[in-house]
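The values are calculated or read from the model by the stated rules, or taken from the named source; none is laboratory data. As the structure is a computational prediction, the values presented were derived from the model and not from experiment. Positions of Cβ are generated from backbone atoms using ideal geometry, with glycine treated the same way; all protein chains shown enter the neighbour counts.
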Amino acid sequence: MHVEMFHIRDKADAILARQRGREIAQQIGFSLVDQTVIAYTISELALKLISYSEKGHMMIRPLSLSKGEPASGIEVRLFDHFKGPSRIHLQWMEKMTDNMELSHDHTRGTMITFHKWVHAPLRLDPPICAAGEE
């Protein structure tokens, strides 16, 4: 899987990004609940962006914890092309994502990044013992 980019100009673009985000989350192995949370978060960010005159774009990509491992998470980046202070408030996202970051500069505008990880079940490996400690 690779990075997918979506220009967010109208509701149709927001719907396409939301659908692809859900599909990528499903391919990675997220539960139905987490797929819905990811799709909702993508949709809300995109809809907030299209409510302004300056638009932006969004990038969605699967993430791996280590190189060569299968994807176990998703990253979504929203680029708001507005050059002034950030217009998107993120308090509502805190419980939806595993981590998020907001950065802003007057040249590129605002970038919002969030990650969501598939939480692996607890693994109970046998303890590692030195010789004679068994």
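Is segment 24-33 home to any residue that is on the phi > 0 side of the Ramachandran plot, at pLDDT below 95 and surrounded by fewer than 18 Cβ atoms within 10 Å (Cβ to Cβ)? Yes; the residues of segment 24-33 include at least one that is on the phi > 0 side of the Ramachandran plot, at pLDDT below 95 and surrounded by fewer than 18 Cβ atoms within 10 Å (Cβ to Cβ). Looking across 96, 59, one residue alone is hydrophobic (A, V, I, L, M, F, W, C) and not in a loop (DSSP other than H, G, I, E, B). It is 59. Is there a residue in segment 114-133 that is at pLDDT 75 or above, outside any loop (DSSP other than H, G, I, E, B) and touching a Phe, Trp or Tyr at 6+ places or on another chain (Cβ under 6 Å)? For segment 114-133, residues at pLDDT 75 or above, outside any loop (DSSP other than H, G, I, E, B) and touching a Phe, Trp or Tyr at 6+ places or on another chain (Cβ under 6 Å): absent.
To keep it simple, each residue is scored yes or no on (1) in contact (Cβ under 8 Å) with a residue 40 or more places away in the chain; (2) in a helix (DSSP H, G or I); (3) in contact with a helix residue (DSSP H, G or I) (Cβ under 7 Å, 6 or more places away or on another chain); (4) of a type outside the set (Asp, Glu).
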site: 2; (1), (2), (3), (4): yes, no, no, yes
site: 5; (1), (2), (3), (4): yes, no, no, yes
site: 12; (1), (2), (3), (4): no, yes, no, yes
site: 17; (1), (2), (3), (4): yes, yes, yes, yes
site: 20; (1), (2), (3), (4): yes, yes, no, yes
site: 24; (1), (2), (3), (4): yes, yes, no, yes
site: 34; (1), (2), (3), (4): yes, yes, yes, no
site: 47; (1), (2), (3), (4): no, yes, yes, yes
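Evaluate the following for residue 43: is it under 23 Å from residue 110 (Cβ atoms), in contact with a helix residue (DSSP H, G or I) (Cβ under 6 Å, 6 or more places away or on another chain) and of a type in the set (Ser, Thr, Tyr)?
Numbers: under 23 Å from residue 110 (Cβ atoms): yes; in contact with a helix residue (DSSP H, G or I) (Cβ under 6 Å, 6 or more places away or on another chain): yes; of a type in the set (Ser, Thr, Tyr): yes.
Answer is yes for this residue.
The set of residues in segment 49-73 that are at pLDDT 85 or above and farther than 13 Å from residue 18 by Cβ comprises 56, 57, 59, 61, 62, 63, 64, 71, 72, 73. Looking across 55, 95, one residue alone is farther than 24 Å from residue 119 by Cβ and of a type in the set (Lys, Arg). It is 55.
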